[in-house]
Amino acid sequence: MSRTEGLRERLRESLGEIEKAEGKACEADYIKKESILDALRIAKETGFDYLSDVFAIDFHPREPRFEIVYVLTKVQTGERFLFVLRLAEGESFPSASGIFASANWDEREIFDMFGIQVEGHPDLRRILTYDGMEGHPLRKDFPLGYQPERGFFEDVHHTPKEGGPPF
């Protein structure tokens, strides 16, 4: 019996049949967008007390184009489990920052680098690029060799404080 069978059993009871994802490093399940917040709450209740990462992958030109991957960890044992959410171009997903505070900056990075909207995020704005930048650098169709016309410190968000350090 798998160490994560308790989690999978709770997921099946609450959400119905779950599609198992092919993973070599740790176990993973595909979760529907409308069920992701419930799945994260169930995972937290079953001992996965830390959301160590949330990231996106662009599979352009495949459809659905994007996958959002949630890496859950049991801090005491180091055990990991992944939830994978598939999204089509133009589709958004709900913010997990109300369940796991650690999702906040990861979701902002997904928004900035891929242009995927995060519903209900408390502070959804660019985090690695400037506000006026066009495009999203981690999309596979982002033009190679693109150079922004503005510098990093020319933006309102990134202007150094007068007389202080540049952060």
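A few notes on this one:
- Among residues that are over 14 Å from the mean Cα position of the chain (by Cα), of a type outside the set (A, V, I, L, M), on the phi > 0 side of the Ramachandran plot and not in a helix (DSSP H, G or I), G90 is included.
- Note on the stretch 90-127: residues that are more than 13 Å from F55 (Cβ to Cβ), open to solvent by 50 Å² or more (accessible area, probe 1.4 Å) and touching a residue at least 12 places away in the same chain (Cβ under 8 Å) amount to 9.
- Residue count for the stretch 46-79, restricted to those that are among the β-branched types (V, I, T) and open to solvent by 70 Å² or more (accessible area, probe 1.4 Å): 2.
- Total residues in the stretch 60-102, condition touching a strand residue (DSSP E or B) at 6+ places or on another chain (Cβ under 7 Å), under 17 Å from E22 (Cβ atoms) and not β-branched (V, I, T): 9
- Residues within the stretch 111-147 that are assigned to a loop (DSSP other than H, G, I, E, B) and either among the acidic types (D, E) or at pLDDT below 60 (or both), tallied: 4
The values are calculated or read from the model by the stated rules, or taken from the named source; none is laboratory data. Just so you know, these numbers come straight off a predicted model, no measurement behind them. As a convention, Cβ positions derive from the backbone with ideal geometry for all residues, glycine included, and neighbour counts pool all protein chains shown. Just the protein is used for accessible areas: all its heavy atoms, side chains included, with ligands, DNA and RNA removed. Shrake-Rupley method; radii C 1.70, N 1.55, O 1.52, S 1.80 Å.
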